[in-house]
1. Which cross-chain or sequence-distant (5 or more) residues have an amide H under 5 Å from the amide H of B:Cys635, H modelled 1.01 Å from N in plane?
2. Specify whether the C-alpha gyration tensor of region B:103-178 places it in the rounded, prolate or oblate class, a ≥ b ≥ c being the square roots of the eigenvalues: rounded for a/c under 1.5, otherwise prolate if a/b is larger than b/c and oblate if not.
3. Rg over Rh of chain B, using C-alpha atoms and the Kirkwood radius, what does it come to?
4. To the nearest 0.05, how large is the calculated FRET efficiency for A:Tyr331 and A:Leu160 if R₀ is 22 Å and r is the Cβ-Cβ distance?
5. In whole percent, what relative contact order does region B:36-117 give with Cα contacts below 8 Å and a gap of six or more residues?
6. Could you work out the helix-only [θ] at 222 nm for chain B, with each DSSP H run of four or more residues adding -39,500 (n - 2.57) and the total divided by the number of residues, to the nearest 500 deg cm²/dmol?
7. At 0.36 nm per residue, minus the direct Cα-Cα distance, what do B:Asp438 and B:Leu215 gain on full extension? Give it in nm, one decimal, please.
8. Give me the log10 of I(q) over I(0) for region A:530-583 at q = 0.18, 0.19, 0.22, 0.30 Å⁻¹, as the Debye formula computes it from C-alpha points; what are the numbers?
Amino acid sequence: MSVEATAIDPVTLEVIRNGLPAITNEMSYDLQRTSYNMMIYEVRDYSCTLLDPQGRLLAQNIGGVSHFIADMGVIVQDGMEKHRAEGFAPGDVVMMNHPAVAGQHLNNVVIYTPFFIDGKLTAFPAVRAHWVDIGGLSTGFGPGTESFDPWCAGLQVDQLKIYEAGEPDEKLVKMIRDNIRFPENAMGDLRSQIAACRLAERRLEDMYTRYGAEMIARATQIIFDQTERRCRAAVETIPDGVYEAENLIDDYRADAPPVYIHVKVTVEGSDMTIDFTGTADQQVGNMNARTMAAAYIAYKALTAPSAAANEGSFAGLKAIIPEGSIMMATYPASTGNWSSVIAGSVDTVFRSLAEAIPDRIPAGHLGYMGIGRSFWGFDLRRNKSVILQSIDGGGWGGRPVGDGPSASVTVCQGDVRNAPIEAIELKTPVVVEERALRRDSGGPGKFRGGLGLSLSIRSLVDGRWGIPRDRRSNCPPWGLFGGEPGRRGANWVKVPEGEWEKTNLVRFQTVAGTTVRGETPGGGGWGDPFDRDPARVLDDVLSGYVSIGAALEDYGVVLGSDGNVVDVPATADTRTKRRLARTEPVDVDR
Amino acid sequence: MTFNLAVDIGGTFTDLFAFDSERAVTYEAKCLSTPHDFSVGVMDCVNKSGVDLSAVNAFVHGSTVAINTAIERTGALTALVVTKGTRDVYQIGRGNRPDAYNIFFERPLPLAPPRLTFEVNQRTSATGNVLRSFDEKQARSVAQTIVSSGAEAIAVCFLHSYADPTDEIRMGELLREANPDVYITLSHDITRQYGEYERMSTTVLNAFIGPRTSLYIEDLENLFREHGFSGDTYIMQSNGGLMSAETAKRSPVAMMESGPVGGVMASAYVASDLGFANSIAFDMGGTTAKASLVQGREPSIADGYYIGGYSTGHPAMLPVVDIVEIGTGGGSIAWVDEVGALDVGPRSAGADPGPICYGRGGTQATVTDADVILGRIGWSSFLGGEMDLDVDAARSVVEGLGKTFNLDANGAALAIIQIAVAKMSLAVRGISVERGFDPRDFAMVATGGAGPVHASLIARELSIPKVVIPVLPAHFSARGMLLCDLRHDYVQTFYGLLKQVDLAALRNVIDNLIDEGQRVLVRELSVDAETSFQCFLDLRYEGQEFTLSVPVYRHELNATDGLVASVRSRFDEIHDRNYGHAAPEEAIEVVNVRVSVRGARERMPLTVLIDAGGPPTPVSYRKVCLEDSTSVVECPVYHRAALAPGQTVIGPAVIEEYASTTVLFPSDEAMVAETGELVVSIGGTI
């Protein structure tokens, strides 16, 4: 499209600027309310987008998980290459999850439809959504550790038309239905995805009829340019320089070495480069992805966190993720655990900038996808197979202006909601024994890290669990400026009549009466804990966030005998002595 | 024959409306609200209106006191009692971060502090079975600890109490024994619906605002009695119905949205009395515009909402009239952002300093300034001529704004209005088109000071054929409150597959809810009145989470068969209308039973005015820019008060009244109804 970004009247521009995201938000509302699995209705693990035939992002819904940001362009470009423009007809519905291009786990199924105006292919509404199962080992949050190649992970669908000119391909539908678990759920979600695309086609029809394709093309070019300028203006406020940081994230196997993340951020005027060169190569296992998400999420958070995303949102960014590395794996690498390293990688970008913009960077957060747990078993009450899923958050880092939030989902997840205890117990044969904050898990600091969370679930029937490992055992969420790291997470199992035992397993069978507990990490602390106002430490003790022992040990705060007041002289004395004893900085390994 | 009085306390103004049906006299008054002591503003209105309180039979009241107490966090020191293992559920919430890319996001700030949150050793299952019996001894010690903590209010929320409230009831007794004066709220008294965080939050909200709100209601009742009032007091609820003052003192959380809801209810009744089956209530004030969809006289109801916004607000799991609000009002500021795009709102110049044309120090162009420049609002006739508007000052700022875009003052003013209208149209679309309703089947009732000015433009944008401008469009909420019935909504989680539903158990649940509602109504109504009920099932396809409420009727419940089939096809139909697809072959789950009971109140009839006959006469002409900046038309100006039933005004024209102006565009036709409303047929629509 070679349209000059010439002047356009400001009203039409605003109408189109607001109108395109309104379409994607409407798609999102309907998809969420009619979906058949909690990954969509609670986790919002989906994105609704509009793209032009070049794959440029016209609009994306607000809300939902962050790591789908602006990732649909490659899908449309690949589809245009395989089908050619002339290969699309009105009424077509294309299905795509092939990891060679899509680069995520196979559960993330993209459905898109061509939109024509005056017989010309003009745009694609596209909806990516997490299906509860796509065959293989994909049940729940995606394939477990056993899936070492894409074929274990489920069905790979490569730009196939599930509808041609309005007619369903019954053979293809049946092939999919017959090879997945919970087919009613998946077919329901497929129906919702198609309905969202059809809705977008109707809305686009109204808009294109009213303003014309040429006017809309001009407006979108201006909107892209303005978005880019806005982001560049934010980058200009960061001092020029080259900033680096690193991180270690556990592999899924307890015996495997951790995955190394390295980032180099270069700021020069309004240009920013985020370069992940040096980060681990693609893995034998399945912790691989093809995604720009780590760089994009970090850039968005630093530039225009609340603005709607479009193609201009990342035009001012140069993201380097070398081919063959863990986040740009080459097919047939398995991308089953694709999202595992993204949250920690985003945090590494922030860490690199802590010295440059100290007032805008929090300490490290839980940095992995939280305790997403799934349990599937046979519900005797309803005489059918059921699946339980919930995603629970962890601690966020202390901030230059206050304590970090507790028990919140990662930087990769936005409006992702845990499953209510009462909903879990209504739908599945389990008892949730506890959903609680972990005392003393927040990294000590002048501004304390948020607390991690503990979730215990007892199953009433035999069944199978899928849980993520704590990925921060080698590198707990870091503190900044003298703050200490947050406490690591862990997983525990207790069989009937047994004791709590720590586990490194991520998939396992249990008998009825077994309790499984997941603990997420706390966030890192910000600033020296001895600088924390003793009154806040007392309040933390009374609130159950910090134990009396940790108040003394970590913060040098002595409480009166009843534990309700600060012993001010004793606290001052303790802090003075302890500061003097710090001959050299000790890296406290919690 | 009765004398009904309504007073609505809003953020800026307190409105009074009263109707004495014996003498067929109405009273109205508007005074400034007095936040330090709201009763001062109420009595100001009573005195200004000349109503004799000793003659009044019923007093209906709406107030911001409940919502202000929650938002300003000025409620009681509140303790929370929960099931063992769930101490932190209220703080953890749903763990979500709606503000996805903001790494400095905030979570809701608890209204009950963690140090006053206590666990009791008890546990019920989802089906109401006892998993761990209530530990009486430990519960007593918790009650003692709370009493000595100085807590003024206590919220109790046990897991699955919707299925069996026994333990909550016992805990309430123990707490009352320990301290008979403390304000106690038990979660199952507020709602019997699953979702522990949302139910807990609603219970805490009620306890937190309880002491202050109930004291406020009591003080006001006493003050009225001192002035001779001996009737009944009713409070406007968020669900569009009234409740007695006694009920309100126990469930103040139900009155949070009383003001806006009064306006929607008034719109619903006006449209319905004029013969429109469906309407859109549209209210545009100084800082925001609100829209709500009404079918018949039934407003759309949402199952819950967030006090203080979705990102950081507190969920209230209670039925509320579904109102969409956007930051576009008469005072919304037009501005050019850092990359040169023109935008309007959400920042507002408010009432102080207000728009530039008010001449009170405002320096930024607003929607009202644009209206004045275009001549749509008259500079010399604003507020009945009480306040001259400075049109030149407004024009010079808007002219400056327009230079960036090569627009003259009129062009820039038109652009401001068009952007504001586009945004408001999106909001109206959000409650109609996006919910599967066609706006062409609706009449729009436009209220608020700025509503009638912009209504025709929004109607054109959305092809809405009729706009209704009610009598006194800027004082509408109090009047709406006089039109409402008593109403109580009950919900009970009742979970299972529709095809396997135990009809006897279902009937039992419904009968119990109806009985409970009717018992409350009997207490609340001093005279014998007609009571009625409606019943709904919240249904979904098995595997879905969100439900749709589907009506069921008495005869269906009593019949031995046919219920499942008729309810199922009704659900498929509603699903298809709302979302464009349905799955008639799939299993359906029942999730909740809802019952709404109503107690009818005598309704104020609309006053029938006398037909004057003959064409209306304009009071003057002025230049108004309507469609493009180069064409300014000499436009007739009418006084609303001088228009009589049956008369028709054809656009272009403006119709002025004290606190608002109706703008008619070319080929719009406004007919005066026999009860005084302007019914505008929008030009160019079907």
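1. B:Arg622, B:Lys623, B:Val624
2. Details: a/c = 2.37, a/b = 1.22, b/c = 1.94.
The shape class here is oblate.
3. On the way: Rg = 26.6 Å, Rh = 27.0 Å.
Expressed as Rg/Rh, it is 0.99.
4. Working: r = 17 Å, r/R0 = 0.78.
My answer for the efficiency is 0.80.
5. Numbers: 25 pairs, mean separation 27.9, N = 82.
After rounding, I find 34 percent.
6. Numbers: 17 runs with 212 residues, N = 686.
Result for chain B, helices only: -9500 deg cm²/dmol.
7. Values: separation 223, 0.36 × 223 = 80.28 nm, distance 4.54 nm.
Stretched fully, the B:Asp438-B:Leu215 segment lengthens by 75.7 nm.
8. Log10 of I(q)/I(0), two decimals: -0.49, -0.55, -0.72, -1.25.
We did not get these values from a lab; they are worked out from the coordinates using the rules stated. Nothing here was measured: the structure is a model prediction, and the numbers come from that model. For neighbour counting, all protein chains shown are included, and Cβ atoms are generated from backbone atoms with ideal geometry for every residue, glycine included.
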